[in-house]
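The values are calculated or read from the model by the stated rules, or taken from the named source; none is laboratory data. Please read these numbers as outputs of a predicted model, since none were measured by experiment. Cβ coordinates were reconstructed from backbone atoms using ideal geometry, including for glycine residues, and neighbour counts include every protein chain displayed.
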Amino acid sequence: MARAAFIDYKRKRLPDSCIAGLFIIAALAACVCESPALSDRLLGLPAVSVPMLVLTLFVPGAFGGGDIKLTAACGLFLGARSELWAFFYGLCGAGVYSVYLILCKNKSKKEEFALGPFLASGVCLSLIFPVF
C-alpha cells in the first residue's frame, strides 16, 4: 500500500503490479481472517469503486483508473463499511490538501494531484480506528 501511494505521489500513476499485489493480499486475508466476513468483503469490493467508475464515465478525469482499482482492492480487504470510512477519510484529506494548494500555492481548481496517497492514508486510518 505504501509503495503504491509513493509511486502515485511521484508519477501520478498507480502501477497495475502494485494493485495486483493488493488484490492477492486481500484474497489471502479473506481466506485466513474471519473478520470481516467474506460477504462483507465481497460487498466492499464494488462499494466505492463502482460509484467512482460511474462518476468517471460521466465526468472524465474525475478519478484515475488506478484509484478505482485501488479502492476495489481495499474494499476486498476491509469490507464494505470500513471501505466507505476509508474513502471518506481519504477524501477529507484530499479536500484539505486541495484547499492548501489553492490558498497557499496559487494553484487553480483544475489542478490535478495524486489521490492514491490520500486513499492509502484513509485505509490506514480505518484500520487504526475501526468502525463497528
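Checking each residue in segment 95-117 for being farther than 15 Å from Met52 by Cα and not in a loop (DSSP other than H, G, I, E, B) picks out Gly95, Val96, Tyr97, Ser98, Val99, Tyr100, Leu101, Ile102, Leu103, Cys104, Pro117.
Tell me yes or no: at least one residue of segment 27-50 is without any contact (Cβ under 8 Å) to a residue 12 or more places away in the chain, surrounded by fewer than 18 Cβ atoms within 10 Å (Cβ to Cβ), assigned to a helix (DSSP H, G or I) and in contact with a helix residue (DSSP H, G or I) (Cβ under 7 Å, 6 or more places away or on another chain). Yes, there is a match, as at least one residue in segment 27-50 is without any contact (Cβ under 8 Å) to a residue 12 or more places away in the chain, surrounded by fewer than 18 Cβ atoms within 10 Å (Cβ to Cβ), assigned to a helix (DSSP H, G or I) and in contact with a helix residue (DSSP H, G or I) (Cβ under 7 Å, 6 or more places away or on another chain). Would it be correct to say that Gly66 is touching an Asp or Glu at 6+ places or on another chain (Cβ under 9 Å), in contact (Cβ under 8 Å) with a residue 12 or more places away in the chain and in a helix (DSSP H, G or I)? For Gly66, the condition - touching an Asp or Glu at 6+ places or on another chain (Cβ under 9 Å), in contact (Cβ under 8 Å) with a residue 12 or more places away in the chain and in a helix (DSSP H, G or I) - is met. The residues of segment 80-132 that are touching a residue at least 40 places away in the same chain (Cβ under 8 Å) and among the polar types (S, T, N, Q), listed by number, are Ser82, Ser121, Ser126. Could you tell me whether Asp8 is within 13 Å of the chain's Cα centre (by Cα) and modelled with pLDDT under 90? Yes; evaluated as a whole, the condition is true for this residue.
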